[in-house]
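A.B. asks: Have a look at this one.
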Amino acid sequence: MPLETLPVVDFSRLNAGGEEASRFRDELRNAMHEVGFLYLAGHGIPQELTDAILNVSRRFFDLPEEQKLAIENVHSPQFRGYTRVGGELTKGAVDWREQIDIGVDRQVVAPGPGVADYWRLEGPNLWPEALPEMREIAAEWMERLSTISLALLRALAVSLGAPEDIFDEAFAARAFPVLKVVRYPGSSNKEPKQGVGSHRDGGVLTLLLVEPGKGGLQVEHQGTWIEAPQVPGSFVVNIGEMLELATNGYLKATLHRVVSPPPGTDRVSLPFFYNPALDARMPQLAVSPEFQTKARGLSVDPTNSPILETYGDNALRYRLRAHPNVVAVHHADLMKG
């Protein structure tokens, strides 16, 4: 039967150990197999930190346009910084949102013979001068969500009969998480605009925080769209294509989209994408036979390119497709031929 809402799992049960932890792992695995999305409660993130990151996000979008454009992503070969409304595409169609992209601050990797193109994605962030506190708040947010994400991956591995640390090598040294701080302005007419078009996430795990009381996210399940509004004290968590690849389709990367809010309103959300190192190849899980027989193979829709085994190849391909303005300034050589 079609679902009416996403399943809910309580992360605090994992830390309880014993039978409670075992039941949590089973519920996590089943939700990610059957739906690919869930609400994660009991995650332990302090409310003060949640309030702080939502507050600084709001204050960023309230800045004068020239201050936001001072850190526009055309100034970043790493696709970091601000994207104006209409500046990103999904499947070639315009996404009706503005956002700032934040990654891990690292040194630029110099190009040269034998250096993969995806290393162009490593480098510094761009920060608004008017909000110096944004850097520290975002860094703490990303660190805490990275810890939760790795715990979820380890729980999934155990639940599938694989070693608990099977994902650690891909994430331990140079994980490549990305935080987007997004504002969806209200549609300017009666027909809702595409906030974000229908897509599957290309990474491993996504943890999403939305302002209280806001909807717009829709998740596909058995041919229908489920509304997934914000539930207080929880994250929306979903599987990305790289984790589907690692389990031969047992875990499900699910189509989802965001519909613009009504005229006169807006919506701020913070999707956090937990991804491995750019040069990592996701391990193929030797899952227990009882689960392997239910693996569906990859569920990539026909309009998407195949999933590439090295994460950086997928990440770069997505960026090149989504931000042609940055490509024109910094990466035109990759589009020749």
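The values are calculated or read from the model by the stated rules, or taken from the named source; none is laboratory data. The shown structure was predicted, so the numbers you read here are calculated from the model rather than taken from an experiment. So basically every Cβ, Gly included, is an ideal-geometry build from the backbone, and we count neighbours across all protein chains shown. Accessible surface areas use protein heavy atoms only, side chains included; no ligands, DNA or RNA. Shrake-Rupley method; radii C 1.70, N 1.55, O 1.52, S 1.80 Å.
A.B. asks: Aspartates and glutamates within cross-link reach of K294: Cα-Cα under 17 Å, excluding same-chain residues under 8 positions apart?
C.D. replies: Within reach: D26, E27, E34, E244.
A.B. asks: From the cross-link list K68/K336; K68/K214; K180/K336; K180/K252, which pairs have alpha carbons spaced over 27 Å apart?
C.D. replies: Long pairs (Cα-Cα over 27 Å): K68/K336; K180/K336.
A.B. asks: I'd like the distance between the alpha-carbon centres of region 208-235 and region 1-45, rounded to an integer number of Å.
C.D. replies: Answer, in whole Å: 16.
A.B. asks: If each DSSP helix of 4+ residues adds -39,500 (n - 2.57) and the sum is divided by the residues in the chain, what number results at 222 nm, nearest 500 deg cm²/dmol?
C.D. replies: -9000 deg cm²/dmol
A.B. asks: A further question on this structure: Beta carbons within 10 angstrom, averaged per residue: use that to sort the peptides 324-332, 143-151, 276-284, 104-112, highest first.
C.D. replies: Going by the mean number of other Cβ atoms within 10 Å, highest first, we get 276-284, 143-151, 324-332, 104-112.
A.B. asks: Just to confirm, what accessible area per residue do you get for the chain at 1.4 Å probe, in whole Å²?
C.D. replies: For the chain, the solvent-accessible area averages 43 Å² per residue.
A.B. asks: How large, in percent, is the carbon and sulfur part of the accessible surface of region 154-235 at a probe radius of 1.4 Å?
C.D. replies: Carbon plus sulfur share of accessible area: 52 percent.
A.B. asks: Further, regarding this structure: Given 20 °C and 1.002 mPa s, compute D for the chain with the Stokes-Einstein relation, Rh being the Kirkwood radius over Cα pairs; round to the nearest whole µm²/s.
C.D. replies: Diffusion coefficient, whole number: 105 µm²/s.
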